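Beneath this line is the structure, given in structure tokens, with notes to follow.
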Amino acid sequence: MNDYESDELLDQYLAFHYGDTYFGVGNYPARCAALCRELMGQRPKRTALDLGCAVGRSTFELAKDFDHVTGVDLSRRFIESARLMRQRGEVSYFLRDQGELGSSVLASLRDIGLVDVVDRVTFTLGDACRLGPEHRGYDLIFAGNLIDRLEDPRAFLASLHRYLDDEGVLVISSPYTLMEAFTPRENWIGGYRRNGEPVTVLDGMREILAPHFALIQEPVDMPFVIRETRRKFQHTVAEATAWQRIV
């Protein structure tokens, strides 16, 4: 079974999106959405697309400013939970301490000030690399922790201009965790040497996006913490880049 359909990963991501924060690191989906909203400035904020939305926190957060936000994820379990959160305003999850020990936690949109945005949000089960014709004309696309989980990130990046309105904004946040379990080595866009020189994922993104996008600010670090158990946490530093469609 795909790990992203498992009970364990679902519980971890619900806690990651809606639960407590740790070690002084703020909520990652909320901070990513805040960065997106700040970058939009005086640009139109009609529609946004949240690719790899997981269980939906960043989608709800974007709806604070946008007229409508569509969250898309390939995990059926994640999308079901996001839809349940939209419908009921709350979802319960298991917070594991060790082994089978832990407690049930109720996550609530009201508790985090998002209960009023649910009518501006839609969640869709789908593949970010195979978006349908309904996905057009967005003012913003956000892809959080997605490109290093795609089979063909080059094809994904090369397609994104088609879904943005003129001068629309693209924000990508990723720790660039290259794993052949997700991305075959021949499809890596960075993390290797070419003619003896190092090529990073950011280098690869610049090259692929250059025909249609311009970088509009310097990359920024976006740390995050995922709680696995009471005594085990993942502390990761993603990098966020922002691009504007120019063609």
Residue check: is V69 in contact (Cβ under 8 Å) with a residue 24 or more places away in the chain and more than 20 Å from E167 (Cα to Cα)?
-> no
Of the residues in region 11-30, those that are more than 21 Å from T122 (Cβ to Cβ), assigned to a helix (DSSP H, G or I) and more than 11 Å from the chain's Cα centre (by Cα) come to D11, Q12, A15, F16
For region 219-238, pairs from a residue that is without any contact (Cβ under 8 Å) to a residue 60 or more places away in the chain to a residue that is hydroxyl-bearing (S, T, Y), with Cβ under 9 Å and 6 or more apart or across chains, are P219/T241
Residues that are more than 16 Å from the chain's Cα centre (by Cα) and either crowded, with 23+ Cβ neighbours inside 10 Å or of a type in the set (D, E) (or both), drawn from region 140-163 = E151, D152
Given L131, L106, which one is part of a strand (DSSP E or B) and either within 14 Å of L14 (Cα to Cα) or of a type in the set (A, V, I, L, M) (or both)?
-> L106
Filter result for G204 (modelled with pLDDT of 95 or more and over 18 Å from the mean Cα position of the chain (by Cα)) | yes
Of the listed residues (E90, E100), the one being out of contact with any strand residue (DSSP E or B) (no Cβ under 9 Å at 6 or more places or on another chain), modelled with pLDDT of 95 or more and among the acidic types (D, E) is E100
Residue under evaluation R37, criteria (1) in contact (Cβ under 8 Å) with a residue 40 or more places away in the chain; (2) in a helix (DSSP H, G or I); (3) of a type outside the set (F, W, Y), criterion not met | (1)
Residue satisfying all of: in region 46-95; of a type in the set (A, V, I, L, M) and in a strand (DSSP E or B); nearest to the chain's Cα centre (by Cα) among these = L51
Kindly indicate whether any position in region 62-77 is among the aliphatic types (A, V, I, L, M) and under 21 Å from M222 (Cα atoms).
-> yes
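The values are calculated or read from the model by the stated rules, or taken from the named source; none is laboratory data. Values in this document were obtained by computation on a predicted structure and should not be read as measured data. Note: ideal-geometry Cβ built from the backbone for every residue, glycine included; neighbour counts use all protein chains shown.
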